[in-house]
Amino acid sequence: MSNLLNLVEFFILVALGLLAFGIQVWAFADCVRTPPATFERVYKRNKTFWTAMTGGASFFGFLYIIGPITNLTVPPMGMMMLLTLGGVTAAGVYLADVRPALVQIRGRGKGGQNRGSSW
């Protein structure tokens, strides 16, 4: 019974790690393809800062994923998990605060997705 619980815990933590890694890579990819001048126009730090934050977040998310896959043990609840949580938080701040401002400046945020909708 204990082995089954360990296996379930392993798959849950790896699935959550993969979800966090996907968010981190999404934020990093969006940051890399945005021109530096756009960051300056929205007064949200600069591209170097956000590239370093999202790139570091993606790096630690990758380390969290690759660790348990290579050892096939339960991911540690220590420093790697804290770094991953911090990384997904930084990526979340980028995606929730910085990216909408950048999208609006780039001209994609004008509501063109729902043309003809009453909402």
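Computed quantities for the displayed model
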| read-out | value |
| --- | --- |
| Residue-count net charge about Val32 - beta-carbon cut-off 13 Å; Lys, Arg +1, Asp, Glu -1 | +2 |
| FRET efficiency estimate (nearest 0.05) - Cβ-Cβ, Leu82 to Ile105, R0 30 angstrom | 0.35 |
| Under the Karplus curve 6.51 cos²θ - 1.76 cosθ + 1.60, θ = phi - 60°, whole-Hz ³J(HN,Hα) for the range 36-50, x wherever Gly or Pro sits | x, 5, 5, 4, 5, 6, 9, 6, 10, 6, 9, 5, 4, 4, 6 |
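Here, each number is a calculation from the coordinates, and none is a lab measurement. A quick note: this is a predicted structure, and the numbers were derived from the prediction, not measured. So basically every Cβ, Gly included, is an ideal-geometry build from the backbone, and we count neighbours across all protein chains shown.
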